[in-house]
């Protein structure tokens, strides 16, 4: 079975979802991400859904799960590139994706992750005084 | 209507096609069908001929059962005719007259043929009347629905034009809403705003409701949906221009606007600039600190 | 009086079938002339219902139709299964509802995304859910 590729982008992992995923593929992605976050000590996860024409409750739950697991592993998840039609439909569907941060594109998503990392470094420095 | 009568009609319509068409066209001309110039004689003649043949075939196959499948081509023809006439601005009367004015020519050829007894003739004519009435009403219904669609489309265009999305600065959009927000308008406004967010790469959208007279629960929900959708895409919203009465109404309704709100668009803009890491500074003029201004008397 | 101008049936027996359902519903929606947002809504609703049919109905099928009503076109979908049926429909339509079968957001969400929604369900016999979306 094909698995969705996960790339390293600085201190983050980048996943670009380009196919209409069936359930086993989605579950495999969750597992792969979890092990890679630990393996690389990643601080952020960027999920690019700009190619997705549909996000249903199953995919929504997958995104929520990934965000929750990543948080426990000290990585921040940012979902980027949601299409307008998808956003409108999700709101109507009632999916708030409240546990997930979002950004317009990969660049902005990286900015968010780096900002969080920068603020944490500042805190660490303060402690050492 | 019996099979004998049906085939008699079909034969008659085939044999007397020219006479029927001539009289039918003439009646429509007298009713003013060609006066407005929207259609010319040869176009109308062609429509009449096509309909008559389609009608004859339907009677041959399906008798007088207008709802049956034999009449599908006839219904499709009339749908198309009705729709195009609705769009071209024909009146409902002009459109329905097309079908109704066919009665007279049909009666006349049947009468002249004198093939059957007066009683049978009357029965056949009555069946034809009911048939054409049904088709005429069908035409009118389609016409109505088409007009409604034209109106809906125009409303949508007006909505799009009346709620422009404005770029205030790099990454900052403003959406000044004037008037009431119903669900259809909200849909159009939302789609417009979200698409512009993508196109402009905006990170903040200011929704200004200074021009919205009242906000009820439904309007508030529409606003919140718009804010949620923008958030899902990674853009933040600020609502500005909430009048004191509206603020009170919202509290009384128990609506929680979980989005930042500012009194004026200016305040919202200032916040948006700060959020995107920008400030406004005064420009020093070329001659040091002197501010260039028009020379006054005595200087 | 609405007439059907195109119809197809798809079996729903695996998660790959759910993908096929999404793709065919998209094709139908495009053919019916639905706007992009309306297409997205009905495909998403179909995805929810197809998943329900698979997960809680033990598999089934969906019937897709393009319908026409006096010049207006739309897409109608009927999901049918021979599963256990739904005991309390009112409860199942509420969001976030999870019985042992966990219907979650599926039904309520699909209803909100559709212009028309109807559901018939008999315990021990099966469930049939019909939705439709019309060109605005």
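The values are calculated or read from the model by the stated rules, or taken from the named source; none is laboratory data. Predicted model, so just to flag it, every value in this text is computed and none were measured. Cβ: placed from backbone, ideal geometry, glycine included. Neighbour counts: every protein chain shown.
Counting just the residues of region C:56-82 that are surrounded by fewer than 24 Cβ atoms within 10 Å (Cβ to Cβ) and modelled with pLDDT under 90, which one comes out nearest to residue C:17 (Cα to Cα)?
Out of the qualifying residues, it is C:56.
Every residue, every condition in (1) away from chain B (no Cβ under 12 Å); (2) outside any loop (DSSP other than H, G, I, E, B); (3) at pLDDT below 90; (4) within 11 Å of the chain's Cα centre (by Cα), yes or no:
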site: A:34; (1), (2), (3), (4): yes, yes, no, no
site: A:42; (1), (2), (3), (4): yes, no, no, no
site: A:46; (1), (2), (3), (4): no, yes, no, yes
site: A:63; (1), (2), (3), (4): no, yes, no, yes
site: A:68; (1), (2), (3), (4): yes, yes, no, yes
site: A:86; (1), (2), (3), (4): no, yes, no, no
site: A:96; (1), (2), (3), (4): no, no, yes, no
site: A:102; (1), (2), (3), (4): no, yes, no, yes
site: A:108; (1), (2), (3), (4): no, yes, no, no
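Being touching a helix residue (DSSP H, G or I) at 6+ places or on another chain (Cβ under 8 Å) and farther than 15 Å from residue B:229 by Cα narrows it down to one residue among A:75, A:103, A:87, A:118; which is it? Write out each step before concluding.
Numbers: A:103 fails: farther than 15 Å from residue B:229 by Cα; A:87 fails: farther than 15 Å from residue B:229 by Cα; A:118 fails: touching a helix residue (DSSP H, G or I) at 6+ places or on another chain (Cβ under 8 Å).
Unique residue meeting the criteria: A:75.
Going through region C:9-30 one residue at a time, which ones are more than 12 Å from chain A (Cβ to nearest Cβ) and farther than 15 Å from residue A:54 by Cβ?
Listed by number, the residues that qualify are C:9, C:10, C:11, C:12, C:13.
Could you tell me how many of the residues in region B:13-26 are at pLDDT below 90 and either closer than 23 Å to residue B:91 by Cα or not in a helix (DSSP H, G or I) (or both)?
1
Select, from B:136, B:201, the only residue that is away from chain A (no Cβ under 14 Å), without any contact (Cβ under 8 Å) to a residue 60 or more places away in the chain and either buried (at least 19 other Cβ atoms within 10 Å of the Cβ) or at positive phi (or both). Steps first, please.
On the way: B:201 fails: away from chain A (no Cβ under 14 Å).
Criteria check complete, one pass: B:136.
Is it the case, given these coordinates, that residue B:61 is out of contact with any strand residue (DSSP E or B) (no Cβ under 6 Å at 6 or more places or on another chain) and under 17 Å from residue B:105 (Cα atoms)?
Details: out of contact with any strand residue (DSSP E or B) (no Cβ under 6 Å at 6 or more places or on another chain): yes; under 17 Å from residue B:105 (Cα atoms): no.
Against the criterion (out of contact with any strand residue (DSSP E or B) (no Cβ under 6 Å at 6 or more places or on another chain) and under 17 Å from residue B:105 (Cα atoms)), residue B:61 does not qualify.
Could you check region C:29-55 and list, in sequence order, the residues that are within 19 Å of residue C:128 (Cβ to Cβ) and within 13 Å of the chain's Cα centre (by Cα)? Outline the logic, then answer.
Kept after step one, since they are within 19 Å of residue C:128 (Cβ to Cβ), are these residues of region C:29-55: C:42, C:45-55.
Selection gives C:42, C:45, C:46, C:47, C:48, C:49, C:50, C:51, C:52, C:53, C:54.
Out of all the residues in region C:31-44, which are at the interface with chain A (Cβ under 10 Å from one of its Cβ atoms) and either in a helix (DSSP H, G or I) or buried (at least 19 other Cβ atoms within 10 Å of the Cβ) (or both)?
As a first pass, look at region C:31-44 and keep what is at the interface with chain A (Cβ under 10 Å from one of its Cβ atoms): C:35-44.
Result: C:36, C:37, C:38, C:39, C:40, C:41, C:42, C:43, C:44.
Answer yes or no as to whether residue B:195 is in contact with a helix residue (DSSP H, G or I) (Cβ under 8 Å, 6 or more places away or on another chain), surrounded by fewer than 20 Cβ atoms within 10 Å (Cβ to Cβ) and within 8 Å of chain A (Cβ to nearest Cβ). Explain how you work it out, then say what you get.
Working: in contact with a helix residue (DSSP H, G or I) (Cβ under 8 Å, 6 or more places away or on another chain): yes; surrounded by fewer than 20 Cβ atoms within 10 Å (Cβ to Cβ): yes; within 8 Å of chain A (Cβ to nearest Cβ): yes.
Here the answer is yes, as residue B:195 does meet what is asked.
From B:92, B:73, which residue is under 21 Å from the mean Cα position of the chain (by Cα), in contact (Cβ under 8 Å) with a residue 12 or more places away in the chain and surrounded by fewer than 19 Cβ atoms within 10 Å (Cβ to Cβ)?
Numbers: B:73 fails: under 21 Å from the mean Cα position of the chain (by Cα).
Matching residue, one of B:92, B:73: B:92.
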